[in-house]
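Single-structure report; data block below.
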């Protein structure tokens with residue numbers, strides 16, 4: 001893919017997302033016979049249409065990017081047919097809202113680059129584990145002392161607003177910091193993709209994706225897969241250059257309009 005541009009073609013995003021999800025679901029997963037003359041790795045268009053309860057012609061039009069005007073019930077049916085998870089379903093609905101709202105994408109003003117004093121005080125009160133707040137662009141907006149030390153290589157990049165995705169793909173130190181770098185790199189790409197679907201007006205997000213697309217071939221490849229996810233809870237392994245190997249469980253509570261706080 002080329003540089004990610006503000007005002008990207010929503011139709012292209014819809015088409016790529018639906019095709020990629022359709023190719024991931026096998027006939028056996030939905031109780032259909034695989035057959036012997038199958039040219040696609042996943043479901044055929046007519047099979048998705050049947051599972052969603054719409055005509056083949058209508059689903060074909062949707063998959064070609066014409067998602068504008070599709071009702072919530074239709075989008076829900078497609079989400080079920082393609083076995084979308086919560087993040088993927090939300091992304092599909094976001095793409096539908098963008099398609100129905102017109103083709104013009106306005107440049108949104110820059111969002112907050114730091115947390116409120118009360119949030120910073122809450123972070124400072126956490127002393128046993130690293131804790132930080134980030135936004136959907138993976139900007140670090142606030143940290144406690146342990147998180148500042150933990151992400152010292154991220155801060156060492158010298159950005160006015162430290163960014164985890166930029167560190168992951170543009171800093172050589174990231175390959176050491178994340179023992180399983182390939183898996184770790186999937187997460188920011190999928191989170192950025194979900195955020196781009198949620199808020200297509202975010203100029204800073206588009207600029208970040210454009211920069212990463214230009215400077216990292218790996219990012220371009222992962223972005224083209226069109227995977228989306230939310231930052232929930234789990235466990236991660238790290239290798240800090242001073243402390244050594246570390247393992248943390250993490251919590252990432254967030255609503256669509258609030259930054260994520262992780263500890």
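Roughly how compact is region 10-100, stated as its Cα Rg over 2.2 N^0.38 Å to two decimals? Output field value: 1.01. Per residue, the average separation of C-alpha pairs within less than 8 Å and at least 6 apart gives the chain a relative contact order of 20 percent. Computed from the C-beta positions of residue 145 and residue 97, the FRET efficiency with R₀ = 45 Å rounds to 0.65. Taking the longest Cα principal axis of the chain as reference, the axis of helix 72-81 is set at about 90 degrees. Annotation for residue 251 and residue 215: the two label points, set 7 Å from Cα along the Cα-Cβ direction, are 3.4 nm apart.
A simple spin-label model places pseudo-atoms 7 Å from Cα toward Cβ; at residue 56 and residue 235 they are separated by 4.9 nm.
Take the Cβ atoms of residue 161 and residue 124, set R0 to 22 Å, and the FRET efficiency comes out at 0.70. Estimated from the Cβ-Cβ distance and a Förster radius of 22 angstrom, the FRET efficiency linking residue 182 and residue 242 is about 0.35. The ratio of the alpha-carbon radius of gyration of region 54-105 to the globular-protein estimate 2.2 N^0.38 Å is 1.09. With the convex hull drawn over the C-alpha atoms of region 117-262, the volume per residue is 113 Å³.
Calculated [222 nm] ellipticity per residue, helices only, for the chain: -13500 deg cm²/dmol; basis is -39500 (n - 2.57) per DSSP H run with n ≥ 4, divided by all residues, nearest 500. Its alpha carbons give region 84-195 an Rg and a Dmax of 16.5, 48 Å. A straight chain from residue 64 to residue 37 at 0.36 nm per residue would run longer than the Cα-Cα distance by 7.3 nm.
Within the set (i) 15.4; (ii) 16.4; (iii) 13.4, the number that mean projected area of the Cα convex hull in nm² takes when calculated for this structure is listed as (i).
Quick note: the coordinates plus some simple rules give every number you see, no bench work behind them. Source: prediction; values computed, not measured. Heads up, the Cβs are rebuilt from the backbone with ideal geometry, glycines too, and the neighbour counts pull from every protein chain shown.
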